[in-house]
Amino acid sequence: MLKIDIQNLRKITNAFLEEGKAVYAPRPLGMGDFAFDRIENHEDFQIEGFVNTLLPPKEIFFRQMETIGRFGWKKKGLCEDVEPEIEDKVLLGIRPCDLEGLLLIDAFYDRVGADMPYKRRREKTFIIAYACPEPAVTCFCVETDSGPWAKRGFDWQLHWLDEGIYLLEV
């Protein structure tokens with residue numbers, strides 16, 4: 001474990017961006033709501049001050065629209081598979097309950113046969129979880145054993161120590 005402040009976390013985030021990785025992190029939408037969004041600048045995210053995002057981060061792995069095939073008369077046949085572009089990415093600030101949800105989706109696809117674009121997106125994602133300092137009254141993570149801190153499925157996990165200061169679990 002390592003003690004890290006928000007400025008150093010932003011420097012690490014900038015290093016991921018300079019490596020060409022897509023970084024998805026919580027951003028304020030207004031009226032107290034937050035959503036995971038692709039950030040272009042290491043200053044554009046916030047991981048404190050809210051319980052959870054408006055939409056779960058699984059949206060990053062399941063595209064709303066994606067071309068997976070083309071139909072038409074070709075010499076090879078009627079259908080042509082299209083490989084979706086899969087980017088290297090970092091998911092920063094995922095809460096333990098949302099991470100557990102991703103792990104349940106992983107387990108489902110391991111049993112029934114993988115949705116390959118989903119599986120490749122998961123494999124190419126570096127996950128930085130954010131342990132909840134205190135579960136909200138609306139949370140049920142303790143009852144489902146999915147929080148307030150993650151037990152599995154992350155590459156790094158941040159634990160809140162004080163405003164802008166974290167314990168980094170690797």
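Data for the structure
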item: Debye equation applied to the C-alpha atoms of the range 1-144, log10 I(q)/I(0) at 0.22 Å⁻¹; result: -1.48
item: Solvent-accessible ranking of Arg111, Arg63, largest area first, probe 1.4 Å; result: Arg111, Arg63
item: For the range 15-170, accessible area per residue (1.4 Å probe, heavy atoms of protein chains only), Å²; result: 61 Å²
item: Distant-in-sequence amide H partners of Phe34 (H built 1.01 Å from N, under 5 Å); result: Leu29, Leu54
item: Candidates Glu40, Glu100, Glu18: whichever shows maximal mean-square fluctuation once the chain is modelled as a Gaussian network with Cα springs under 10 Å; result: Glu18
item: For Asp37, solvent-accessible area (1.4 Å; no DNA, RNA or ligand), Å²; result: 70 Å²
item: Max mean-square fluctuation residue, GNM over the chain, Cα-Cα springs under 10 Å, options Ile12, Ile39, Ile68; result: Ile68
item: Cα-based Lys proximity count in the chain, under 23 Å, for pairs eight or more positions apart or on separate chains; result: 18
item: Residue among Gly20, Gly49, Gly113 with the largest mean-square fluctuation in a Gaussian network model of the chain, springs linking Cα atoms under 10 Å; result: Gly113
item: About the Cα centre, charge dipole magnitude for the chain (Lys/Arg +1, Asp/Glu -1 at Cβ), debye; result: 760 debye
item: Rounded to 5, percent antiparallel among DSSP beta bridges of the chain; result: 60 percent
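The values are calculated or read from the model by the stated rules, or taken from the named source; none is laboratory data. Values in this document were obtained by computation on a predicted structure and should not be read as measured data. Counting neighbours? That spans all protein chains shown, and the Cβs are built from the backbone with ideal geometry, glycine included. Each accessible area value is taken on the protein alone, full model and side chains, heavy atoms only, with ligands, DNA and RNA left out. Shrake-Rupley method; radii C 1.70, N 1.55, O 1.52, S 1.80 Å.
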